[in-house]
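In what follows, a structure is listed as structure tokens, so that the remarks can point back to it.
The values are calculated or read from the model by the stated rules, or taken from the named source; none is laboratory data. Owing to the predicted nature of the structure, the values given are computational and were not obtained by experimental measurement. Ideal geometry is used to build each Cβ from the backbone, glycine not excepted, and the neighbour counts take in all protein chains shown.
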Protein chains: 4
Amino acid sequence: MLETTIGGARQARVGYRLDDVALLPSRRTRDVELVDISWRIDAYPFDIPVLGAPLDSVTSPATAALLRERGGAGVLDLEGLWTRYEDPDEPLAEIAALEPGPQATRRLQELYAEPIREELIGRRVEQLSQHGFAAASLPPQLVERFHHVALDAGLDLLVVQGVAVTAQHVGLEGTDPLDLRSFTGRYDIPVVVGGVWSAKTAIHLMRTGAVGLVVGNGGDPNSTAADTLGIDAPLATTIAEVAAARTRYLEESGRYVQVIAAGGLRTGGDVVKAIACGADGVMLEQPLASAEEAPARGAYWGLAAAHHELPRSRYERLEILGTMETVLEGPAHRDDGTVNLLGGLRRAMGVTGYETLARLRDAELTVRA
Amino acid sequence: MLETTIGGARQARVGYRLDDVALLPSRRTRDVELVDISWRIDAYPFDIPVLGAPLDSVTSPATAALLRERGGAGVLDLEGLWTRYEDPDEPLAEIAALEPGPQATRRLQELYAEPIREELIGRRVEQLSQHGFAAASLPPQLVERFHHVALDAGLDLLVVQGVAVTAQHVGLEGTDPLDLRSFTGRYDIPVVVGGVWSAKTAIHLMRTGAVGLVVGNGGDPNSTAADTLGIDAPLATTIAEVAAARTRYLEESGRYVQVIAAGGLRTGGDVVKAIACGADGVMLEQPLASAEEAPARGAYWGLAAAHHELPRSRYERLEILGTMETVLEGPAHRDDGTVNLLGGLRRAMGVTGYETLARLRDAELTVRA
Amino acid sequence: MLETTIGGARQARVGYRLDDVALLPSRRTRDVELVDISWRIDAYPFDIPVLGAPLDSVTSPATAALLRERGGAGVLDLEGLWTRYEDPDEPLAEIAALEPGPQATRRLQELYAEPIREELIGRRVEQLSQHGFAAASLPPQLVERFHHVALDAGLDLLVVQGVAVTAQHVGLEGTDPLDLRSFTGRYDIPVVVGGVWSAKTAIHLMRTGAVGLVVGNGGDPNSTAADTLGIDAPLATTIAEVAAARTRYLEESGRYVQVIAAGGLRTGGDVVKAIACGADGVMLEQPLASAEEAPARGAYWGLAAAHHELPRSRYERLEILGTMETVLEGPAHRDDGTVNLLGGLRRAMGVTGYETLARLRDAELTVRA
Amino acid sequence: MLETTIGGARQARVGYRLDDVALLPSRRTRDVELVDISWRIDAYPFDIPVLGAPLDSVTSPATAALLRERGGAGVLDLEGLWTRYEDPDEPLAEIAALEPGPQATRRLQELYAEPIREELIGRRVEQLSQHGFAAASLPPQLVERFHHVALDAGLDLLVVQGVAVTAQHVGLEGTDPLDLRSFTGRYDIPVVVGGVWSAKTAIHLMRTGAVGLVVGNGGDPNSTAADTLGIDAPLATTIAEVAAARTRYLEESGRYVQVIAAGGLRTGGDVVKAIACGADGVMLEQPLASAEEAPARGAYWGLAAAHHELPRSRYERLEILGTMETVLEGPAHRDDGTVNLLGGLRRAMGVTGYETLARLRDAELTVRA
């Protein structure tokens, strides 16, 4: 761990962002047809290492189905509009038309004030199941309350996602904090947990039985947690640190836990760098929110954008870049890496000579001076 | 102390600004209702760790009363407009309407050329006392001249504040420099001293009997001391260094001296980072100057903006962000952390799992590469 | 090698760009008439250390002839428009008029979809030969297919150039990857290879018998490989590292291999810094593309700009700076170093007191803090 | 010396600019009336540590007289317009009206193509002498040719100034390079030499008998040497390094050589930082060029702006900030440090508690992370 001190008194870790990092080619190259970008979570194999983020701007039952066809999986947010509204098309259309700024924030706060309806949770999971794979997310404080209906409806993968999830939550008396270890012991369903910001948290969460960890800034690229809370975890460092913890845990337990990078990957280069730093797969936000089929027609916001007291995510409008297929697999007519993300991943493996994602994690890295 | 050398010949300390620093979540989280942000100065307990800066754009008798109601304390500048004008409303209204630039500087110079009137010092302290707590500031060179009238009028807390205050001032013959040690020995009133820029100065000032130190750039976020004087002290490093000196002094003396961060905290994240670096409380400037009740309706300037020969603070006009209550406690409809600063502090303690401000100073920190 | 770690787990090299670096004058100065900037590749001596990049925006048979007159050599791209079109003037004129952006990218993709015609390869090499020196480039995957016609037509210097070329390519079964060692053994023609991104690759390529290595980012200053592939190699570090590998190889083999810096040198200062970092000569792109005689009248794009699936180079329009002679040798009426690049090189040698390019590689360097 | 390596192969010094550096207050403060900013060069005492740069935009006989009245000294460039034109008012007026850009460069080239007239050298020195002190500069290659006429006319201080001056110049046969050691032995006149870019050069130049060294980038803040020649020397590091060499030379020889910082000091803070890094005095350019009395009415250009083949300095038009007296001594109505530079110096000494310039060089420094 690269350490420094602040004023000779406070230790601090030096943190690298993905922008600070790049891969160096190795002494070998490889035909792009000879690379393999498949991965797996628990027993589920996937052709591409891509999850759709559990955000209303990214994943709907329809886009989850599309992403499943392409070999990945979309994760539906069970705390979002789809479980608050019988028909979320209307609020989504309204949000899609908002102008960025305080008025957008205020309207999001109002729309998300609508309560979650338990019966809609079951209904949404059933919709997801119709396409063969149902992945959805709940925040830790709602898992105990809503997991039965989700599991009964056929949920295949549960993502327990909050801004920061830990294995030790200190709650108010009378509340019933989630005991993850007990939960994973009671149920067969594989559980992915996030956001994870550090190796220490990661080790504790892996010991609860989680099969995957979502790493990085609560999974929201537009998070303003650095401004609102003073909290930030540079992604390249966090991935590398959690991946190293994963290896230590593998040695301790024999169990391999997936590390999933999230929170601001926008280009093929970002995907490559996240994996080279240690991730097994990625969870995408804006690239999928800027697909033609995206639920909010190019609008993007994190769930924390709608917090009633302290909004902590920026609403923005993205340029539509093409169909989801084009965004992921090209062909691109842009030179900025925002289209054909997986083509970029495969080509980077060709240029650096690595055959699998696991080998890509051996790539040599350079950081800016 | 992290040292480097300039040209192999001059030692230099590496300095971090608050912007360079962020907190990392720990392995624990906590319900936001279970955190405690109270603190104390000497015998005075406060519900919130917030002082209003002794600047005419921030603290008037009226805003001091408001801040007292909210659990903090405003410090009135006894060298400012309130002791130069019977009724400062007129100059404040004029200043509020100035356009930033040399003309504003020139007008400030004229308005502050009005002499300080001793009887107004007493009157202002009495006004403050009516709301149960009177805190006010004097520059070191005016303490001997004016402290009697302030103490007689019932001052509860004296802030001795200049750009840089030290325990050893070399003055012209015939002048009567402040002897802080003798002063604190003679009077019961607790004395807070600032600006303090380094650990060495801090140790000497603590030994004079000060109960608190205001740390950082003379307490003025718009200070241009770096350009005009070549002097600057990156805040994160300065806080950490002074806080470490405070601990050494505590071991030496058994007396705990409050470290108060000042000079440019604008968001909840800034407050969190200042405390995590080692501060016990904060002194706010722009956040309070942008409250609806602020004396100058959103105008902000440091006292040095009006220096007759070498102005060293920038006049600016701020957006009004809401009532003081809203700025401090929300609810916010903005996502940039400038509103609901204390909500940000409480939530950051929830996300990092710390129960008290004292524990928050153990938070893990990261710095930019 | 300056190393750091990312998250305590992943090693990374600290990389410097040319912009981070500058030369320091030494204790000696020298009349500018007393410096010598000649160099050689294999048996070919050159008066100036300049190659024209194998890009359609830079080198045509006509500009190769011009550069030869000036003492350098232009390298024609045998995979570009000159071997796809009988008369490339029309597509070049059309490209010269494109507006930067996705539409330009799309049109480049269409124009480069035209197949390479073998007979044109021979014809172009003959055109080059008429001016006494024929240098041309082929990508590694086309060398086996097209080298006969090029050699038969009288090629003097072959540049094997791709984004990243290594000595070990893993290809699809049925394809016939280039065996460089065998190739250089079979033929007398000197072979220069690039892009080379690291010392390890360099050592392996030198052992194949290459007489020169083109170092840096695939030789394209507008490459977006960092965004599209996550791959980047800061040029100052890469040159220094490859030059050190060259010295080790010289000790091992007795053979001196030329290190040629490419990919973004725009000013005389860039040329100076590239050589001071360890290069023997430079390959120029934009400076030659902005000469009056440039094939595309100031338009610049890398070959990867036209990739059918994942374009990775930015099309731009450059200001015309003067004739090729003026760009290289002045006189300049601009103060930004973009004109009179070789005057800058000679003067820098005067100011630092070095007589030859080989000695300039001993210059003291400084990097930004 | 803080060293790093580029690519593990090339050593490089880490260089700090003045902008990277700031002073920290010490544990003492001092009344501003109790500081002393006088200095001396050889036998000549000066009330203020300011030389006017030998540039046509800064120093004319008239502004030299003004600066002498204020306690400093202006250095007239004997290679500039004043020795090329009988009456330079006309070219100065024309230059003052140029628009920045290539046309300005071209016109400067033409105006400076006028030859130097020997009789004007004598006349200008006589003009300077009328005000009690005549300081003027010649480039090294013109010293042998023109020093007789300058000395005969009563020159008091000779500044030998070029972009980079060293003790060992390798010249063309038939030319007569300046032998500084012999020159200082032959004549009584004190000689200041610059630009000096490194400690090694400094030591050699001190041994030639120079009484002062002008440190930094050839004394031209608008120099484009970094772009045109790849040469740059970050000022804070260069000053500190040369000052340390001066101390070593003092121990070796018993002779104290003045270190004069030049090349881009624009504010009081810059002056403070230059001295705190190790300079004894400063040579000012833009601050004096933006005085009401400046020869070119606010236009600024370095001599290299007019080089016939490779211009290396940027022409710009500055805002007029007030009379020379106001620029140097205030009062200021601006808060950016560009007016009242010496008030800033005195106040910085007050805030940091140092009494003399010599003690200010002990100030604690901080550098940006």
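Summary table
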read-out: Residue list for segment C:23-33, filter: more than 18 Å from residue C:71 (Cα to Cα) and either assigned to a strand (DSSP E or B) or facing chain D (nearest Cβ under 9 Å) (or both); value: C:23, C:24, C:25, C:26, C:27, C:28, C:29, C:30, C:31
read-out: Yes/no for residue B:348 being under 30 Å from residue A:305 (Cβ atoms) and touching a residue at least 24 places away in the same chain (Cβ under 8 Å); value: yes
read-out: Test: residue in segment A:146-156 that is within 27 Å of residue A:290 (Cβ to Cβ) and among the β-branched types (Val, Ile, Thr); value: no
read-out: Unique residue being buried (at least 24 other Cβ atoms within 10 Å of the Cβ), under 30 Å from residue A:346 (Cβ atoms), modelled with pLDDT of 95 or more and within 14 Å of chain D (Cβ to nearest Cβ) when the list is C:242, C:271; value: C:242
read-out: So residue D:262, is it within 24 Å of residue D:158 (Cβ to Cβ), away from every other protein chain (no Cβ under 13 Å) and in contact (Cβ under 8 Å) with a residue 12 or more places away in the chain; value: yes
read-out: Number of positions in segment D:24-40 that are at pLDDT 95 or above and touching a Leu at 6+ places or on another chain (Cβ under 7 Å); value: 2
read-out: Count of segment A:321-336 residues which are more than 8 Å from every other protein chain (Cβ to nearest Cβ) and touching an Asp or Glu at 6+ places or on another chain (Cβ under 6 Å); value: 2
read-out: Residue in segment C:350-369 that is within 13 Å of chain D (Cβ to nearest Cβ), within 26 Å of residue D:100 (Cα to Cα) and crowded, with 23+ Cβ neighbours inside 10 Å present; value: no
read-out: Helices (runs of 4 or more DSSP H) (entirely within segment B:98-205) containing at least 3 residues that are away from chain D (no Cβ under 12 Å); value: B:118-129, B:140-152, B:180-186
read-out: Residue A:86 vs. criteria free of Cβ contacts under 8 Å to residues at least 60 places away in the same chain and of a type in the set (Asp, Glu); value: yes
read-out: Pair list, Cβ < 6 Å and 6+ apart or interchain, from segment A:317-342 residues that are under 21 Å from residue C:223 (Cα atoms) and among the basic types (Lys, Arg) to residues that are buried (at least 23 other Cβ atoms within 10 Å of the Cβ) and modelled with pLDDT of 95 or more; value: none
read-out: Single condition residue A:20 does not satisfy, out of (1) among the acidic types (Asp, Glu); (2) within 14 Å of another protein chain (Cβ to nearest Cβ); (3) without any contact (Cβ under 8 Å) to a residue 40 or more places away in the chain; value: (3)
read-out: Qualifying positions in segment C:19-35 - surrounded by fewer than 19 Cβ atoms within 10 Å (Cβ to Cβ) and closer than 18 Å to residue C:277 by Cα; value: C:19
read-out: Residues that are within 30 Å of residue B:11 (Cα to Cα) and in contact (Cβ under 8 Å) with a residue 60 or more places away in the chain, drawn from segment D:275-301; value: D:275, D:276, D:277, D:278, D:279, D:280, D:281, D:282, D:283, D:284, D:285, D:286
read-out: Residue B:165 vs. criteria surrounded by 22 or more Cβ atoms within 10 Å (Cβ to Cβ) and more than 22 Å from residue B:46 (Cα to Cα); value: yes
read-out: Any hit, segment C:2-10, residues being without any contact (Cβ under 8 Å) to a residue 12 or more places away in the chain, of a type in the set (Lys, Arg), within 14 Å of chain A (Cβ to nearest Cβ) and in a strand (DSSP E or B); value: yes
read-out: Hey, residue A:339 buried (at least 24 other Cβ atoms within 10 Å of the Cβ), more than 9 Å from every other protein chain (Cβ to nearest Cβ) and under 25 Å from residue C:104 (Cβ atoms) or not; value: no
read-out: The lone exception for residue D:39 - which of (1) within 14 Å of chain C (Cβ to nearest Cβ); (2) in contact with a helix residue (DSSP H, G or I) (Cβ under 9 Å, 6 or more places away or on another chain) it fails; value: (1)
read-out: Tally, over segment C:351-369, of residues that are at pLDDT below 95 and in a helix (DSSP H, G or I); value: 2
read-out: Conditions (1) modelled with pLDDT of 95 or more; (2) in a helix (DSSP H, G or I): number failed by residue B:226; value: (1)
read-out: Residue check for residue D:297: away from chain B (no Cβ under 14 Å) and either of a type in the set (Phe, Trp, Tyr) or over 18 Å from residue D:70 (Cα atoms) (or both); value: yes
read-out: Restricting segment B:302-332 to residues that are in a loop (DSSP other than H, G, I, E, B) and among the hydroxyl-bearing types (Ser, Thr, Tyr), the residue that is farthest from residue A:230 (Cα to Cα); value: B:315
read-out: Residue satisfying all of: in segment C:44-95; among the basic types (Lys, Arg) and in a loop (DSSP other than H, G, I, E, B); farthest from the chain's Cα centre (by Cα) among these; value: C:84
read-out: Qualifying residue in segment B:294-301 (condition: in a loop (DSSP other than H, G, I, E, B), of a type outside the set (Lys, Arg) and surrounded by fewer than 24 Cβ atoms within 10 Å (Cβ to Cβ)); value: yes
read-out: Which numbered condition residue C:16 fails, given (1) crowded, with 22+ Cβ neighbours inside 10 Å; (2) farther than 30 Å from residue C:359 by Cα; (3) in contact with a Pro (Cβ under 7 Å, 6 or more places away or on another chain); value: (2)
read-out: Filtered residues of segment A:321-369 (kept if farther than 30 Å from residue A:14 by Cα and among the basic types (Lys, Arg)); value: A:334, A:346, A:347
read-out: Hey, residue B:238 out of contact with any strand residue (DSSP E or B) (no Cβ under 6 Å at 6 or more places or on another chain) and closer than 27 Å to residue B:365 by Cβ or not; value: no
read-out: Condition met for residue D:45 (more than 14 Å from chain C (Cβ to nearest Cβ), touching a residue at least 60 places away in the same chain (Cβ under 8 Å) and of a type outside the set (Val, Ile, Thr)); value: no
read-out: Among residues of segment D:213-223, those that are over 8 Å from the mean Cα position of the chain (by Cα), modelled with pLDDT of 85 or more and crowded, with 24+ Cβ neighbours inside 10 Å, counted; value: 2
read-out: Meets criteria (under 28 Å from residue D:26 (Cβ atoms) and not in a strand (DSSP E or B)) for residue D:255; value: no
